[in-house]
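The values are calculated or read from the model by the stated rules, or taken from the named source; none is laboratory data. Note that the coordinates shown come from a computational prediction; the quantities given were computed from them, not determined experimentally. For neighbour counting, all protein chains shown are included, and Cβ atoms are generated from backbone atoms with ideal geometry for every residue, glycine included. Side chains included, ligands, DNA and RNA excluded: accessible areas come from the protein's heavy atoms. Shrake-Rupley method; radii C 1.70, N 1.55, O 1.52, S 1.80 Å.
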Amino acid sequence: MSKTVLISGAGIAGPSVAFWLNRLGYSTTVVERAPALREGGQAVDFRGEQMEVLRRMGLLEEVRARRTSMGEQHILDASGNRVASLPASMISGEVEIQRGDLSRVLYEATRADTEYVFGDWITALTDTGSAVEVTFAHGAPRTVDLVVGADGLHSAVRALTFGPESRFRTDMGYVCAGCSVPNHLLLDHAGLIYNVPGRGVTYAAQDPDGPASVGFVFAANGLNYDRKDEAQLKRLITEVYAGVGWEVPRLLAALRDVDDLYFDELAHICLPAYTSGRVALVGDAGWGVGPGGGGTGLAMMAAHVLAGELAAAGGDHTVAFPRYESEVRPAAEAGAKQAKGTGPFLAPRTARGLWLRNQSHRLLTTRLFSGVFDKLTLKAANTLRLKDYGL
């Protein structure tokens with residue numbers, strides 16, 4: 001009989017784990033708290049070695065067919081004039097896709113062999129040594145061989161296995177929010193970055209007739225808010241950006257009507273281990289590098305490594321799990337180091353910081369420094385080299 005694996009999270013990491021374990025003949029179930037696949041979301045990109053996992057999954061051409069094909073991102077000054085332009089390779093990698101589109105691709109690639117349970121979540125885990133007994137908010141209890149937590153930065157599986165998030169979380173001092181709004185600037189495969197000290201706005205669109213993806217990144221420490229209270233979050237963003245010029249008042253007006261708001265603090269998760277007994281963590285649940293750290297590509301690579309090491313160990317998780325961690329941890333740490341610069345890049349805290357950011361990126365995008373620039377953007381992505389596990 002095939003081993004049973006319960007996976008928490010139907011975003012990117014969870015279906016990626018299911019994809020590879022299905023190839024090994026495992027019986028996989030994905031449980032997702034949301035009532036359906038989460039649509040929309042910000043764009044995610046792949047570069048360097050991360051492209052290899054898409055090739056091995058046979059999904060590269062499908063991802064390319066749905067790619068954003070974004071062009072340059074232009075940094076604006078206080079008057080809305082361009083002061084620097086960032087190449088597509090920096091922001092969008094070798095291929096970029098909307099997160100919701102990637103989630104759909106992975107779901108379609110696994111739904112025939114994986115049981116998906118939406119609208120439910122894990123409430124308790126008991127590792128008996130020979131199996132894991134699992135209880136849910138709504139469904140009947142189950143006993144499975146392995147559990148994989150792929151349920152994001154605020155992972156319930158991590159909390160049940162290792163303890164409260166506060167033990168392992170380091171806040172970066174910035175908040176990131178995003179949503180879709182009407183593309184009133186009629187941008188076509190381009191993006192803009194606008195700043196005042198401590199506050200940044202990104203605005204990008206693929207099609208002048210389609211929606212624009214807007215991001216708000218601002219410096220903040222010790223905020224008190226309820227992540228599930230959308231009205232409160234919208235008020236908070238509006239208060240932070242009150243009085244900011246350019247197109248911001250128009251964006252804040254549009255914010256009132258959006259229904260796809262994302263809001264969270266930029267944070268890193270640093271755990272002493274990514275596995276415990278029969279439970280393993282993949283993606284943000286395990287290391288939570290944050291935006292700018294190549295986390296999506298790494299999550300999909302880690303799913304491949306987890307399945308590959310289980311295959312190499314003949315299904316013995318006591319052998320496979322430590323090997324999985326030793327392979328993945330250096331890349332997770334490299335991604336976290338790279339992501340530390342996301343907040344300061346998107347929202348420098350001072351006028352001098354803004355000037356230095358703009359000048360440095362004007363210099364890095366010249367022909368003289370283009371090689372250095374490319375090396376910087378690929379460093380974290382190439383830290384993990386996928387083995388040939390014969391999957």
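Taking the range 90-106 as the range and being assigned to a helix (DSSP H, G or I), open to solvent by less than 50 Å² (accessible area, probe 1.4 Å), of a type outside the set (A, V, I, L, M, F, W, C) and within 17 Å of Gln206 (Cβ to Cβ) as the test, the residues that pass are Ser92, Gly100. Could you please let me know if Ile237 is under 23 Å from the mean Cα position of the chain (by Cα), in contact (Cβ under 8 Å) with a residue 60 or more places away in the chain and not in a strand (DSSP E or B)? Yes.
When you scan the range 177-192, do you find a residue that is touching a Leu at 6+ places or on another chain (Cβ under 8 Å), in a helix (DSSP H, G or I) and surrounded by fewer than 20 Cβ atoms within 10 Å (Cβ to Cβ), even just one? Scanning the range 177-192 turns up no residue that is touching a Leu at 6+ places or on another chain (Cβ under 8 Å), in a helix (DSSP H, G or I) and surrounded by fewer than 20 Cβ atoms within 10 Å (Cβ to Cβ). Once the range 274-327 is narrowed to residues that are without any contact (Cβ under 8 Å) to a residue 24 or more places away in the chain and closer than 19 Å to Lys3 by Cα, the residue that is surrounded by the most Cβ atoms within 10 Å (Cβ to Cβ) is Ala320. For the range 353-382, which residues satisfy the criterion of being open to solvent by 30 Å² or more (accessible area, probe 1.4 Å), at pLDDT 70 or above and touching a Pro at 6+ places or on another chain (Cβ under 9 Å)? Across the range 353-382, the qualifying residues are Trp355, Leu356. Checking each residue in the range 134-160 for being open to solvent by 40 Å² or more (accessible area, probe 1.4 Å), closer than 18 Å to Val5 by Cβ, of a type outside the set (A, V, I, L, M) and out of contact with any Phe, Trp or Tyr (no Cβ under 9 Å at 6 or more places or on another chain) picks out Thr135, Pro141, Thr143. What residue, among those in the range 27-62 that are buried (at least 19 other Cβ atoms within 10 Å of the Cβ) and of a type in the set (A, V, I, L, M), is nearest to the chain's Cα centre (by Cα)? That would be Val44.
The requirement of being in contact (Cβ under 8 Å) with a residue 24 or more places away in the chain, under 17 Å from Ile75 (Cβ atoms), in contact with a Phe, Trp or Tyr (Cβ under 8 Å, 6 or more places away or on another chain) and surrounded by fewer than 18 Cβ atoms within 10 Å (Cβ to Cβ) is fulfilled nowhere in the range 201-210; no residue meets it. If I filter the range 6-18 for residues that are over 19 Å from the mean Cα position of the chain (by Cα), open to solvent by less than 20 Å² (accessible area, probe 1.4 Å) and closer than 19 Å to Ala303 by Cα, do I get at least one hit? Looking for residues that are over 19 Å from the mean Cα position of the chain (by Cα), open to solvent by less than 20 Å² (accessible area, probe 1.4 Å) and closer than 19 Å to Ala303 by Cα, one finds at least one in the range 6-18, hence yes.
Within the set Ser85, Ser69, the sole residue that is assigned to a loop (DSSP other than H, G, I, E, B) and modelled with pLDDT under 95 turns out to be Ser69. Taking the numbered list (1) in a strand (DSSP E or B); (2) of a type outside the set (S, T, N, Q); (3) open to solvent by 10 Å² or more (accessible area, probe 1.4 Å) in turn, Ala267 passes all entries but (3).
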